[in-house]
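Encoded as structure tokens, the structure appears first; notes follow it.
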Amino acid sequence: MPRADAVIFLLDAGQALKESERAFLASRLLERSKDRLIFVIGKIDLLTPSELEDVKIYVRQHLARIVDDPPIYAVSARRALAGDAAGSGMAPLTEHLARTLTEDRGRVLLDNAAGDGLRAAGYLKQNLGVKRRALKLSLGELEDRVGKVRAQLAATRESLSKLHDRIQGEAEAVKAQVRNDLEHFVDRFEDALPREIAKADASDVRRYLPLFIQDKFKEWAELEGEKCGAMLERLAEEAISITNENAREATATVAERLGPADPKLDVDVDTFKYDVSVYAVGALGTTVFLFVNSLVGGLLTLAAPIMAIVFHSKIAGEIKEDAARKAPEAVRKAAGIMGPQFAKLVDEFVRRLEDFVTSAGDKLYAGIGEVLDKAISERRAQGDGVEAQAAEAESQIGAVGDIEGRLAELRAGLWKEPQS
């Protein structure tokens, strides 16, 4: 999202801006991503004009607490597909998108480029600071400090390798919780079905029983998906926190041993923290939606054993007996499909999380290792005549600082409206 030209946030007219959606917008979005959001209320064909007006007022009031002047459009894809251009509400949305992607796209690209430039400048300034300090040390003292830095880095990296074991253990606990919840649901459902069948008319049983079972599974899947997503969010937040702490410790180690002797330069590596924050937004913010949508979509497969309930008898009493016998079997078969689906989604999320931890660690320590290697090699090449090179490094640090200031000013001014 931080690198997108525009982001459409789709709301359901029947339950617009649920608590989970408000929480996502309030806590998961990076501040600069909010300028790119376009809110679309879908399925407006399900509402009366007065109901739609109430929904729009509700959405605008709540969004105003999170996003300044949010663009909101109400549409009906069903009407648009049926050729009802006026009633669909699609034209204002597409006009806004066209305007955003033509007039504003240049500012978006400049904003992204300025952000990249600031991160590159920070990393360059950090490298120059290490080079400047290395030139101030004797070769023996520099080699001693680099050796100590490498030893400390090895210790902090060990915690990342242990983090993989923790992630796997927590993932197994999540899957065990889901299995237990599913078994409990199936037991209660099987126990309740005979009573529901007994109360219903035989013709309704024949017509609606498969749909009733499917809807109950869908309800459970949505609730369990949110619960499972919340558990995995906590796991990912912990993993990201540990990864971020390792990045902080590693860069602090470099700053302590090889940073400047005066306070003119604060050595830090912000690149890795940026990657962490983007991952948090991309992976954590969509966890619940990923689970619910994937599972509900998977109900097409899940529905097969449910919809396979066939009633051969035409006698009311026999239909109910047949239903009472076949329904529990269909429920068990459906649960047998749903359980592995949940486990597969958990495994996929954990794989992505572990890939992130591995990638973040590799990038961090490879980058710091490159800085250390270069510091040693340049110091050896310079010998004793280092004053001129140290002065040049300090001059370059100042030049990079000037560039940072200009980029920050450019970025701050990009989204200001021109004065009339």
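The values are calculated or read from the model by the stated rules, or taken from the named source; none is laboratory data. Everything quoted here is computed from the prediction, not taken from an experiment. Glycine also receives a Cβ, built like all others from the backbone with ideal geometry; neighbour counts cover every protein chain displayed.
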Exercise for the section: Return yes or no: is Asp69 loosely packed, with under 15 Cβ neighbours inside 10 Å and either touching a Leu at 6+ places or on another chain (Cβ under 9 Å) or at pLDDT below 90 (or both)? Expected result: yes
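Can you tell me which residues in segment 402-415 are in a helix (DSSP H, G or I) and exposed (fewer than 14 other Cβ atoms within 10 Å of the Cβ)? Before you say what the answer is, go through the steps one by one.
Of the residues in segment 402-415, the ones in a helix (DSSP H, G or I) are 402-414.
Within segment 402-415, Asp402, Gly405, Arg406, Glu409, Ala412, Gly413 qualify.
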Exercise for the section: Could you check, for segment 139-156, whether at least one of its residues is closer than 30 Å to Asp347 by Cα and free of Cβ contacts under 8 Å to residues at least 40 places away in the same chain? Expected result: yes
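Which of the residues that make up segment 195-233 are of a type in the set (A, V, I, L, M) and in a helix (DSSP H, G or I)?
As a first pass, look at segment 195-233 and keep what is of a type in the set (A, V, I, L, M): 197-198, 200, 202, 205, 209, 211, 213, 221, 223, 230-232.
Selection gives Ile197, Ala198, Ala202, Val205, Leu209, Leu211, Ile213, Ala221, Leu223, Ala230, Met231, Leu232.
Residues of segment 105-142 being basic (Lys, Arg) and out of contact with any Phe, Trp or Tyr (no Cβ under 7 Å at 6 or more places or on another chain), which ones?
Here is the first cut: in segment 105-142, the ones basic (Lys, Arg) are 105, 107, 119, 125, 131-133, 136.
The answer is Arg105, Lys125, Lys131, Arg132, Arg133, Lys136.
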Completion exercise
Pairing a residue in segment 73-84 that is surrounded by 14 or more Cβ atoms within 10 Å (Cβ to Cβ) with any residue that is aliphatic (A, V, I, L, M) and part of a loop (DSSP other than H, G, I, E, B), where Cβ atoms lie under 8 Å and the two sit 6 or more apart in sequence or on different chains, gives none
Practice task
Could you list all residues from segment 171-218 that are of a type in the set (Asp, Glu) and closer than 12 Å to Gly339 by Cβ?
Solution key: Asp181, Glu183
Exercise for the section: Can you confirm whether segment 112-131 contains a residue that is buried (at least 17 other Cβ atoms within 10 Å of the Cβ), assigned to a loop (DSSP other than H, G, I, E, B) and not assigned by TED's automatic domain parsing to the domain that holds Arg380? Expected result: no
Practice task
Can you confirm whether segment 223-239 contains a residue that is under 20 Å from Arg150 (Cα atoms), of a type in the set (D, E, K, R) and modelled with pLDDT under 80?
Solution key: no
